1. Out of curiosity, is LEU188 modelled with pLDDT of 95 or more and not aromatic (Phe, Trp, Tyr)?
2. Contact list please: Cβ distance under 9 Å, first residue in segment 92-113 and at negative phi, second residue surrounded by 18 or more Cβ atoms within 10 Å (Cβ to Cβ) and of a type in the set (D, E, K, R), pairs at least six apart or on different chains.
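The values are calculated or read from the model by the stated rules, or taken from the named source; none is laboratory data. In this text the structure is predicted, and so the values were computed from the model without any measurement. With ideal geometry, Cβ positions are generated from the backbone for all residues, glycine too; neighbour counts draw on all protein chains shown.
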Amino acid sequence: MNRRQFLDISYNGLWKQNTGLAQLLGLCPILAVSTSMVSAVSLGLATILVMALANLAVSALRGFIPYEIRIPVFILIIAALTTVVDLSFNAFFHDLYLVLGIFIPLIVTNCIVLARVEAYAARNDPLSATLDGVMMGLGLVWVLGLLGGIRELLGAGTLFSGIDMIAPGLSAWKVFGDDYPGFLLAILPPGAFLALGCLIAAYNAINTRLAGRARRRPPAAPAGEDAA
């Protein structure tokens, strides 16, 4: 893999083909667990592990998987890896595991994971496939973190609520103080849709502005004319 390939895969995963803002995949966990930054990012990190390892496994085994049964095999691989992640969370982060609940096992049916396995890992080498899984996962994590942070900040006036489930001794940051009454809509399901809609609108606006700048940019002069 050369530097250009690395940058392309990273840019696609983090921005151009972002699963939460561009492809709009896996909206159920995105909206359900984003009531706080900690729970949102934690599910995103679990998804990264499954995506990266599933992409690696499928890419390494793609020559041995018959085309006709590829989808069931992909799901079996994803299910096995999700089970490992699920049991690990239960063993090492039990309180967080109880908060995330069913959404860790539901990574098996998350269309983000299956889509990348089918569209990319089954057609590319293991290194590129693993990097694609990591970058697609990181693209999901930053959207989850931002969405969770916005909803938690508006809804409860705090950030990093529940951090003690990961690092005992730490506590949430009360941004607006103890007297903040909270904005209930932000932490209810309608608030999730509204916040995600605002993020998608901002994402589209940024892309439109960048495209406009690219069109106004003068074309590069041919090498021969520079020499002349």
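1. Numbers: modelled with pLDDT of 95 or more: no; not aromatic (Phe, Trp, Tyr): yes.
No: the conditions fail for LEU188.
2. TYR97/ASP86; ILE104/ASP86; PRO105/ASP86; ILE107/ASP86
Residue-wise test of (1) buried (at least 16 other Cβ atoms within 10 Å of the Cβ); (2) more than 30 Å from ILE163 (Cβ to Cβ).
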{"residue": "MET1", "(1), (2)": "no, yes"}
{"residue": "LEU14", "(1), (2)": "yes, no"}
{"residue": "ALA32", "(1), (2)": "yes, no"}
{"residue": "SER59", "(1), (2)": "yes, yes"}
{"residue": "ILE71", "(1), (2)": "no, yes"}
{"residue": "LEU100", "(1), (2)": "yes, no"}
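Conditions tested, residue by residue: (1) of a type in the set (Lys, Arg); (2) farther than 24 Å from SER10 by Cα.
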{"site": "VAL58", "(1), (2)": "no, no"}
{"site": "GLY63", "(1), (2)": "no, yes"}
{"site": "TYR67", "(1), (2)": "no, yes"}
{"site": "ARG70", "(1), (2)": "yes, yes"}
{"site": "ILE78", "(1), (2)": "no, no"}
{"site": "SER88", "(1), (2)": "no, yes"}
{"site": "PHE93", "(1), (2)": "no, yes"}
{"site": "LEU100", "(1), (2)": "no, yes"}
{"site": "ILE104", "(1), (2)": "no, yes"}
